[in-house]
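In what follows, a structure is listed as structure tokens, so that the remarks can point back to it.
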Amino acid sequence: MTAVCDIPGASLAIERSHFPDPAFDPAAAATVHEQTAVLAGGCFWCTEAVFRELDGVLGVTSGYSGDSADNATYEQVCSGGTDHAEAIAIRFDPHRISYGQLLKVFFAVAHDPTQVDRQGADRGRQYRSAIFHADAAQREIAAAYIHQLDAAKVFDAPIATGVVPLEAFHDAERYHQNYAALHPEQPYIAAVAAPKVAKLRKQFGEILKQKA
């Protein structure tokens, strides 16, 4: 990751005080108490930091998705020689926070979905925007929301986020997990992750975890 990451393409939507809710976001069955969402939106240090803040999120793991286990290492992924994206696996209680609400945060705060194979100064296919859906329900919610946001022209450019089947998720190396919280003084974290978390706290305070 580079030390500077701006997201100018998202400025219009991110500054709006009322980012639209998903119009299609059906409730999970009463018998379902945990689900997983796998999202890719650039540096996983930053996206992980955002989603750890949300009430109903049970855990977030940084990792890689899009290619095989054989090349799921940070060195190989950063080389650009794999088809992995830096991704996060979000375990959540769908009765406390819905899949659609997670996608709202993903599009409104976590990254710029209009950029192709990059996030600001971070360039390469590993930094692409993608939703790795686990089933037909997740695919339908994601596709409907992207269509809704594009039709409403929420962003200055079309959404480039891929909606693709989740083949596998590979955990990143241990030192990447919860990286932003453990290294707040790191320049990249201070410049990129911290402002996203601050924006989340300002715009989505009603769905954040309550501090003890």
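Before moving on, here are some points about what is shown:
- Residue pairs whose Cβ atoms lie under 7 Å apart, sitting 6 or more positions apart in sequence or on different chains, and linking a residue in segment 32-60 that is over 20 Å from ALA72 (Cβ atoms) to a partner that is small (Gly, Ala, Ser), are GLN35/ALA28; ALA49/ALA180; ALA49/ALA181; ALA49/ALA193; VAL50/ALA110.
- Condition check for ALA110: under 26 Å from HIS18 (Cα atoms) and either of a type in the set (Val, Ile, Thr) or surrounded by 19 or more Cβ atoms within 10 Å (Cβ to Cβ) (or both): yes
- Residue count for segment 158-190, restricted to those that are surrounded by fewer than 17 Cβ atoms within 10 Å (Cβ to Cβ), small (Gly, Ala, Ser) and within 19 Å of ALA121 (Cβ to Cβ): 1.
- Residue within segment 139-159 that is touching a strand residue (DSSP E or B) at 6+ places or on another chain (Cβ under 6 Å), charged (D, E, K, R), in a helix (DSSP H, G or I) and within 23 Å of ALA28 (Cβ to Cβ) present: yes
- Output for segment 187-211, where each listed residue is in contact with a Leu (Cβ under 9 Å, 6 or more places away or on another chain), closer than 12 Å to VAL50 by Cβ and of a type outside the set (A, V, I, L, M, F, W, C): ARG201
- Residues of segment 47-72 satisfying the condition of being touching a strand residue (DSSP E or B) at 6+ places or on another chain (Cβ under 8 Å) and farther than 24 Å from ARG139 by Cβ: ARG52, GLU53, ASP55
- Filtering TYR74, TYR64 for residues that are more than 23 Å from LYS199 (Cβ to Cβ), in contact (Cβ under 8 Å) with a residue 60 or more places away in the chain and surrounded by 23 or more Cβ atoms within 10 Å (Cβ to Cβ) leaves a single hit, TYR64.
- Test: residue in segment 82-92 that is in contact with a Leu (Cβ under 6 Å, 6 or more places away or on another chain), among the charged types (D, E, K, R) and surrounded by fewer than 16 Cβ atoms within 10 Å (Cβ to Cβ): yes
- Segment 166-188, subset out of contact with any Cys (no Cβ under 8 Å at 6 or more places or on another chain) and in a helix (DSSP H, G or I), residue farthest from ASP135 (Cα to Cα): PRO187
- Test: residue in segment 30-42 that is in contact with a Lys or Arg (Cβ under 7 Å, 6 or more places away or on another chain) and exposed (fewer than 13 other Cβ atoms within 10 Å of the Cβ): yes
- Helices (runs of 4 or more DSSP H) (entirely within segment 25-135) containing at least 1 residues that are of a type in the set (A, V, I, L, M) and closer than 17 Å to GLY162 by Cβ: 74-79, 99-105
- Residues of segment 154-212 that turn out to be under 20 Å from LYS104 (Cβ atoms), of a type in the set (Asp, Glu) and free of Cβ contacts under 8 Å to residues at least 60 places away in the same chain, as a count: 1
- Test for LEU200: is it crowded, with 21+ Cβ neighbours inside 10 Å, in contact with an Asp or Glu (Cβ under 8 Å, 6 or more places away or on another chain) and of a type outside the set (Phe, Trp, Tyr): yes
All of the numbers you see were taken from the coordinates with simple rules; none came from a lab. Keep in mind that what you see is a predicted model, and the values were worked out from it rather than measured. As a convention, Cβ positions derive from the backbone with ideal geometry for all residues, glycine included, and neighbour counts pool all protein chains shown.
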